[in-house]
Structure formats: C-alpha cells, structure tokens
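Contents: one structure, followed by commentary.
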Amino acid sequence: MSGAALQFDAVAGPPRVGAVAARLDSKLFGSLFQTVDVDRRLTVLEIGSALPETVDFFAQFKCRLLFVDLFSEPFVHDQADLSETELRHCFEERFRFPADTRLDLCLFWDFLSYLDDPALRAFNSALRPWLHRGSRAHGFGAHHLGIRLANVRYGVRDRETLNIRERGGRQLRTHPHSQLEMQEMLNCFAFERGLLLADGRLEMLLKPQV
C-alpha cells in the first residue's frame, strides 16, 4: 500500500493471513465498479478481516477502507440468545463511523447467510443510515439448508478473481435465506443481479432500495 490516497481503517485488529489461497472466479464482482465514479474518493466497507491482496487491489483507487470483522464477534456467535433490539445495538456499535460517512461499496461475502432472521433485520437497520443512492453491495448467499458454506475468508485479487483462505476457529451456524426472504429482511437493498453458482450458492449484486 503506497501513497496517501488509500486510508486503511482496520476496525477489527491485525489481519491473520493463511499460507495458501485458492482462486475463485467472479462474474459479478467487477460490476461494482461500473456504477461508481472511481475517479472520486470511495468509501468501502468489508465485513471481514483485512487481507493484503484486498488492500493492494484498492490501492489503485482514491479510497477509504473500513474493515469490520463481524465473523469473530461474540454477539454474532450468540445471536440466538439476544433480542432483535439488542442485536441492532451491537451492530450499531460496530458501525460507529464518523457522522459524514457514506458507504459506496459493501463487501458482505457470505456473512448474511450466518445471520438468523432477527439478526439480519438488525443488521439491516444498523447499516441503513450509512448508505446513499449510489451504494452497491456484493455477497454470496445460501438459499436452502442443503448448501454447505465453507469456513473461509475472502480477498480481492482483481475485478474478476477472488482469493479464499481457510478461516480458523469455530464456524458460525448457517441460516439460509431465499431471495424473497432476503429482500424482505435486508430491505435497505434490492437485488440488482444474481448468479447461481455450481455449488448452489447465489452470488449477489445489490443496489439501494428506493
């Protein structure tokens, strides 16, 4: 990472990098950059820990990176024991950005499929104030119980390729959501494009709900 154009906010501590990264081709990730003005300063939220290739990739833009590793948060692992209001307050605490922050790009990876219904609604409520009409989001979804999510972390290699590494520690419980359920509970966004992958997951490109 070089130059002052890229501001790196590691909200969740130092990154843990696995020794081997596998490659995952993405047909939708590059579409994020077709709808934003890459010549102005971007604010990017990643739900996950910072991997060096992601930082290197975004170094080509005028960019502020916000890394919030919710995968490791105890309240997410214990979400079934908390009310929706309590969960919303927890997410709001983790999204305590400067008041003028507006998110241009959100990288959810597969985090949304680890949230039960109250937690997904709480996440939606906490994220909504930070979005604007030009915001875009990318992620992967499990839409039925037969889909098994690998316990991995994602990094950005280039606009068409992601890196995946094994994630250490206990994997969160999967909570699949159909596209209709996702639209109802994550209603700050609407589906812009979706692509069914060979392993049954849905790759999603999301735009603000207007």
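Pairs please, first residue from the range 36-63 and under 23 Å from H132 (Cα atoms), second anywhere and part of a loop (DSSP other than H, G, I, E, B) and modelled with pLDDT of 95 or more, Cβ atoms under 6 Å, 6+ apart in sequence or on different chains.
Every condition considered, the pairs that remain are G48/D69.
If a residue must be among the β-branched types (V, I, T) and under 14 Å from N124 (Cβ atoms), how many such residues does the range 73-88 contain? Outline the logic, then answer.
Filtering the range 73-88 for residues among the β-branched types (V, I, T) gives 76, 85.
Next, only the ones that are under 14 Å from N124 (Cβ atoms) stay: 85.
Summing the residues that are among the β-branched types (V, I, T) and under 14 Å from N124 (Cβ atoms) in the range 73-88 gives 1.
Return the total of residues in the range 184-208 being out of contact with any Gly (no Cβ under 6 Å at 6 or more places or on another chain), of a type outside the set (D, E, K, R) and closer than 16 Å to H138 by Cβ.
Within the range 184-208, residues that are out of contact with any Gly (no Cβ under 6 Å at 6 or more places or on another chain), of a type outside the set (D, E, K, R) and closer than 16 Å to H138 by Cβ number 12.
Answer yes or no as to whether F123 is surrounded by fewer than 22 Cβ atoms within 10 Å (Cβ to Cβ) and within 12 Å of the chain's Cα centre (by Cα).
Numbers: surrounded by fewer than 22 Cβ atoms within 10 Å (Cβ to Cβ): no; within 12 Å of the chain's Cα centre (by Cα): yes.
Against the criterion (surrounded by fewer than 22 Cβ atoms within 10 Å (Cβ to Cβ) and within 12 Å of the chain's Cα centre (by Cα)), F123 does not qualify.
Here are R121, R128: which of them is touching a helix residue (DSSP H, G or I) at 6+ places or on another chain (Cβ under 8 Å), over 25 Å from D39 (Cβ atoms), assigned to a helix (DSSP H, G or I) and of a type in the set (D, E, K, R)?
On the way: R128 fails: touching a helix residue (DSSP H, G or I) at 6+ places or on another chain (Cβ under 8 Å).
That would be R121, the only listed residue that is touching a helix residue (DSSP H, G or I) at 6+ places or on another chain (Cβ under 8 Å), over 25 Å from D39 (Cβ atoms), assigned to a helix (DSSP H, G or I) and of a type in the set (D, E, K, R).
Can you tell me which residue among R41, R23, R16 is more than 17 Å from T161 (Cβ to Cβ), basic (K, R) and modelled with pLDDT of 90 or more?
Values: R23 fails: more than 17 Å from T161 (Cβ to Cβ); R16 fails: modelled with pLDDT of 90 or more.
When all the criteria are applied, what remains is R41.
Answer yes or no as to whether L162 is outside any loop (DSSP other than H, G, I, E, B), touching an Asp or Glu at 6+ places or on another chain (Cβ under 6 Å) and either over 18 Å from I47 (Cβ atoms) or in contact (Cβ under 8 Å) with a residue 24 or more places away in the chain (or both).
Details: outside any loop (DSSP other than H, G, I, E, B): yes; touching an Asp or Glu at 6+ places or on another chain (Cβ under 6 Å): no; either over 18 Å from I47 (Cβ atoms) or in contact (Cβ under 8 Å) with a residue 24 or more places away in the chain (or both): yes.
When the stated conditions are applied, L162 does not pass them.
Looking at this structure, is L180 outside any loop (DSSP other than H, G, I, E, B), closer than 23 Å to T43 by Cβ and either at pLDDT below 95 or among the aliphatic types (A, V, I, L, M) (or both)? Quick ask: steps written out before the conclusion?
Working: outside any loop (DSSP other than H, G, I, E, B): yes; closer than 23 Å to T43 by Cβ: no; either at pLDDT below 95 or among the aliphatic types (A, V, I, L, M) (or both): yes.
Judged against the criteria, L180 is not a match.
Can you name the residue in the range 61-97 that is at pLDDT 95 or above and assigned to a loop (DSSP other than H, G, I, E, B) and is also farthest from R153 (Cα to Cα) among such residues?
S83
Cβ-Cβ below 6 Å, separation at least six or inter-chain, first residue in the range 66-81 and farther than 18 Å from T174 by Cβ, second acidic (D, E): which pairs?
Hits for this filter: L66/D9; F67/E46.
Name the single residue that is surrounded by the fewest Cβ atoms within 10 Å (Cβ to Cβ) among those in the range 141-159 being under 15 Å from the mean Cα position of the chain (by Cα) and among the β-branched types (V, I, T).
The qualifying residue surrounded by the fewest Cβ atoms within 10 Å (Cβ to Cβ) is V152.
Conditions first: (1) within 19 Å of D78 (Cβ to Cβ); (2) among the polar types (S, T, N, Q); (3) touching a residue at least 24 places away in the same chain (Cβ under 8 Å). S135 passes all but one, so which condition is the exception?
Every condition holds for S135 apart from (1).
Only residues that are over 13 Å from P118 (Cα atoms) and crowded, with 20+ Cβ neighbours inside 10 Å: list them for the range 70-80, please.
Within the range 70-80, L70, F71 meet the criteria.
Of all residues in the range 49-85, count the ones that are of a type in the set (D, E) and over 24 Å from E166 (Cα atoms). I'd like the intermediate steps shown before the answer.
Of all residues in the range 49-85, those of a type in the set (D, E) come to 53, 56, 69, 73, 78, 81, 84.
Narrowing the set further to residues that are over 24 Å from E166 (Cα atoms) leaves 81, 84.
The qualifying residues number 2.
When you scan the range 28-60, how many residues do you find that are out of contact with any Leu (no Cβ under 6 Å at 6 or more places or on another chain) and not in a helix (DSSP H, G or I)?
Qualifying residue count, the range 28-60: 13.
Among the small types (G, A, S) and at pLDDT 95 or above: is that true of A142 in this structure? Break it down into steps so the answer makes sense when it comes.
Working: among the small types (G, A, S): yes; at pLDDT 95 or above: no.
No; evaluated as a whole, the condition is false for this residue.
The values are calculated or read from the model by the stated rules, or taken from the named source; none is laboratory data. Keep in mind it's a predicted model, so treat the numbers as computed, not measured. Here the Cβ is made from the backbone with ideal geometry for all residues, glycine too, and neighbour counts use every protein chain on show.
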